[in-house]
1. Condition (residue is out of contact with any strand residue (DSSP E or B) (no Cβ under 7 Å at 6 or more places or on another chain), loosely packed, with under 14 Cβ neighbours inside 10 Å and either farther than 23 Å from residue 177 by Cα or modelled with pLDDT of 85 or more (or both)) applied to the stretch 101-109: is it met by at least one residue?
2. From (1) within 23 Å of residue 95 (Cβ to Cβ); (2) at pLDDT 90 or above, pick out the condition that doesn't hold for residue 195.
3. Among the candidates 126, 97, 150, which residue alone is out of contact with any helix residue (DSSP H, G or I) (no Cβ under 7 Å at 6 or more places or on another chain) and either modelled with pLDDT of 80 or more or not assigned by TED's automatic domain parsing to the domain that holds residue 215 (or both)?
4. Name the single residue that is nearest to residue 83 (Cα to Cα) among those in the stretch 1-56 being part of a helix (DSSP H, G or I) and without any contact (Cβ under 8 Å) to a residue 24 or more places away in the chain.
5. Give, as residue ranges, the strands (runs of 3 or more DSSP E) completely inside the stretch 163-240 that count at least 1 residues that are surrounded by fewer than 17 Cβ atoms within 10 Å (Cβ to Cβ).
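The values are calculated or read from the model by the stated rules, or taken from the named source; none is laboratory data. Worth saying up front: this structure is predicted, and the values here are computed from it rather than measured. Cβ placement follows ideal geometry from the backbone for every residue including glycine, while neighbour counts extend to all protein chains displayed.
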């Protein structure tokens, strides 16, 4: 297993739970247990991955609660998304999983039924319950997702989306927390947004979510980049080792990567950093 594949396996298992992506006794063959679904897939990674894409061999298990034909639909959806997102030299499994999850209905109709330590869902459900009830359901927010960065087993990833009002930004955040159990149970979900309203009125806000001063630093990054009408959510799963000030650099790195991938800023190729560490 090469270093890129090793890092991706570690990232997938850190984000979606241990055993989400596991090697088999067959060389290069892995089992991917899709989060939010009973189905699991057999993948073959070539020796030169990510220079060449993985192959979807088929379904490993369809799960006892899977409806007839759904496993084949998942395989086809995964192949389609992989074919569209794969770029030679860049790992892509996290992005593919996220898009497949967002495009296929969750088999669990009650996403808030999580473990008793799910403090994020409780906090945001209380703070924004009136907002969630008052605003219409706008569907899946148009998130653009950064590369995943791993540092001493802490996992970082950012999502950016265009927004036109503070209420919309709050609703997008609520939707993310309600619909994604892994994000909801992360150690921190750091948010920031900058919005230009009518008559020259501007809105800027941020939330550290327990990562002291992180939200303000992300907001400052957005100010330096002169970004408007956009929000970002930086998610961190703590890996058991303190990173010190380095964590702020990583948080800003994934936030910037999400902005670049969304086409909100021109990327300087001379300073581009690799997504996995």
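1. No: the stretch 101-109 contains no residue that is out of contact with any strand residue (DSSP E or B) (no Cβ under 7 Å at 6 or more places or on another chain), loosely packed, with under 14 Cβ neighbours inside 10 Å and either farther than 23 Å from residue 177 by Cα or modelled with pLDDT of 85 or more (or both).
2. (1)
3. From the options 126, 97, 150, the qualifying one is 97.
4. That would be 9.
5. Fully inside the stretch 163-240 and qualifying: 188-196, 202-207.
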